[in-house]
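Written below as structure tokens is the structure these notes are about.
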Amino acid sequence: MKTLVIISHPELDESSSQQFLVQSFPESENVTLHHLEKTYPEGKIDKKREQALLKAHDRILFQFPFYWYSSPPLLKHWQDEVLEEHFAFGHRGHHLKGKEFGLVLVIGVGEKEYQTGGQEGFSISELTKPYQAVAKKTGMNYLKPLEIFQFPYMTEDEKMKLLIRYQQWLTIDRPDSLRSREEWMIQELEAIDHQLLNSADSAFVVEKAIELLEDNRMELDELAMHIDQTHQ
């Protein structure tokens, strides 16, 4: 699977959250980072180039700060130019059909404000309906957004968890699936070079973590089986 991350941010170098994400970008030929403001500083979109990028990837992610319940203006302009009839929809417009489409949203307000009783008054799901409609119109499969709330207030542990989630969103099938995330974590742990670990204790911790993940998955599968049998 090849993932295209289309970033829209007018001042990417000044954004701590975006710099964190960019620096967390996995080293993989299957993941492409594409910053619109850097590529098109004058705002003139090369439509054919962008359409070729879309056709070459299986998952399309829009990554942007959630400005006034929408994206920065260049991403909206990109949509107007690139997602045209006969390419993204309409007669012969099937080039995006079956691809995955998702959002990586950096949000300045706390998560609780987008829940029932919160000051914003609407959920993130409600506010991102236009993007869900884009997926429906173009035949793409809409992924649950990766929501990043109040990055400057995150602890180091929370940032580490975000790094893992972000890399999973970019590299694995069905990133919103717990099973997929577990399998990714086991693969990453197994890939650790034990010679680089400080001690035998460190290697033991890695092995126990893998064992715990596998045991938890077995228990969840057994629970799911019992639930299915109960409803038969």
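Of note:
- Cα shape, region 108-165, gyration tensor, a/c 1.5 rule: oblate
- Expressed to the nearest 5 percent, the antiparallel share of DSSP beta bridges inside region 63-157 is 10 percent.
- Taking all protein chains into account, the per residue accessible area for region 1-140 stands at 53 Å² (1.4 Å probe).
- Entries in 137/161; 44/112; 47/97 that, when Cα-Cα distance is taken, lie over 30 Å: 137/161; 44/112
- The largest accessible area among 169, 68 belongs to the first residue in 68, 169, and the rest follow in falling order (1.4 Å probe, all chains).
- Area of residue 39 that stays accessible when all protein chains are in place (1.4 Å probe, Å², to 10): 40
- Linear extension gain, residue 159 paired with residue 137, 0.36 nm per residue minus alpha-carbon span: 4.4 nm
- FRET E, pair residue 113, residue 15, Förster distance 22 Å, beta-carbon r, rounded to 0.05: 0.60
The values are calculated or read from the model by the stated rules, or taken from the named source; none is laboratory data. All of these numbers come straight from a predicted model, not from anything done at the bench. When we count neighbours, we look across all protein chains shown, and the Cβ atoms used for this are built from the backbone with ideal geometry, even at glycine. To get the accessible areas, we keep the full protein, side chains included, count just its heavy atoms, and leave off ligands, DNA and RNA. Shrake-Rupley method; radii C 1.70, N 1.55, O 1.52, S 1.80 Å.
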